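*Asks:* Okay, handing you the structure first.
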Amino acid sequence: QPVRTDVNAWSSFTREMETKGIKVETYAITARMVEIPAEAGPQLHLKAAGEVLCLDRVRGWEGKPVVHFRSYLHPRLKLVIGDDFDQPLYELVRNRCGVIADQSDEELTAVAADRRLARVLAVKLGAPLLQRNRTVYDTRRQPMEYSVVHYRGDRFELSLNLRQQ
């Protein structure tokens with residue numbers, strides 16, 4: 001049975017899963033400096049020249065990967081490769097940098113798993129994934145993270161609760 005989460009009330013993935021009685025496991029974490037990707041620069045209000053910290057994390061439960069996070073973190077946070085990225089990211093940013101994640105802009109798309117994502121998420125090539133592109137802003141409405149998140153379609157559902165205006 002896929003786990004359902006509400007897109008409107010996002011928080012730490014780990015903490016949200018805990019409220020559902022799920023103990024999140026981390027299968028891979030990689031932090032590295034990369035040239036600012038074309039898709040991340042405008043979202044973070046950065047020019048194309050320069051580097052950002054890129055954080056890749058694979059998480060899931062019961063021995064099965066469910067989600068791959070690729071986050072590009074704004075340089076003003078001053079996070080470094082050696083930081084403890086095993087903890088929930090927004091808790092690390094709050095505790096280490098004094099910056100609080102407050103809101104986000106989200107785009108949801110259905111995609112097919114390419115070779116890399118199929119391997120990382122333990123699915124067949126072409127398996128359906130939900131892609132979530134997210135720009136997270138702090139309380140001053142400054143961008144702090146741009147992420148591309150892929151969820152396994154067979155293990156995870158995102159829900160929305162919308163109101164007519």
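*Asks:* Output the number of the condition that residue 77 fails; it satisfies all remaining conditions of (1) out of contact with any Pro (no Cβ under 6 Å at 6 or more places or on another chain); (2) under 27 Å from residue 21 (Cα atoms); (3) surrounded by 14 or more Cβ atoms within 10 Å (Cβ to Cβ).
*Replies:* For residue 77, the exception is condition (2).
*Asks:* Within the stretch 29-47, is even one residue within 21 Å of residue 157 (Cβ to Cβ), under 14 Å from the mean Cα position of the chain (by Cα), open to solvent by less than 60 Å² (accessible area, probe 1.4 Å) and at pLDDT 90 or above? Full working, then the answer.
*Replies:* To start, the set of residues in the stretch 29-47 that are within 21 Å of residue 157 (Cβ to Cβ) comprises none.
No, because not a single residue in the stretch 29-47 is within 21 Å of residue 157 (Cβ to Cβ), under 14 Å from the mean Cα position of the chain (by Cα), open to solvent by less than 60 Å² (accessible area, probe 1.4 Å) and at pLDDT 90 or above.
*Asks:* Could you list all residues from the stretch 151-165 that are open to solvent by 20 Å² or more (accessible area, probe 1.4 Å) and either closer than 24 Å to residue 61 by Cβ or of a type outside the set (A, V, I, L, M, F, W, C) (or both)?
*Replies:* Within the stretch 151-165, 152, 153, 154, 155, 157, 158, 159, 160, 161, 163, 164, 165 meet the criteria.
Here is a yes/no grid of residues against (1) more than 13 Å from the chain's Cα centre (by Cα); (2) at negative phi; (3) open to solvent by 30 Å² or more (accessible area, probe 1.4 Å):
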{"residue": "106", "(1), (2), (3)": "no, yes, yes"}
{"residue": "111", "(1), (2), (3)": "yes, yes, yes"}
{"residue": "121", "(1), (2), (3)": "yes, yes, no"}
{"residue": "130", "(1), (2), (3)": "no, yes, yes"}
{"residue": "138", "(1), (2), (3)": "yes, yes, no"}
{"residue": "149", "(1), (2), (3)": "no, yes, no"}
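The values are calculated or read from the model by the stated rules, or taken from the named source; none is laboratory data. Note that the structure is a prediction, hence the values are computed from the model and not measured. With ideal geometry, Cβ positions are generated from the backbone for all residues, glycine too; neighbour counts draw on all protein chains shown. Note: accessible area is taken over every heavy atom of the protein model, side chains too, but ligands, DNA and RNA are not part of it. Shrake-Rupley method; radii C 1.70, N 1.55, O 1.52, S 1.80 Å.
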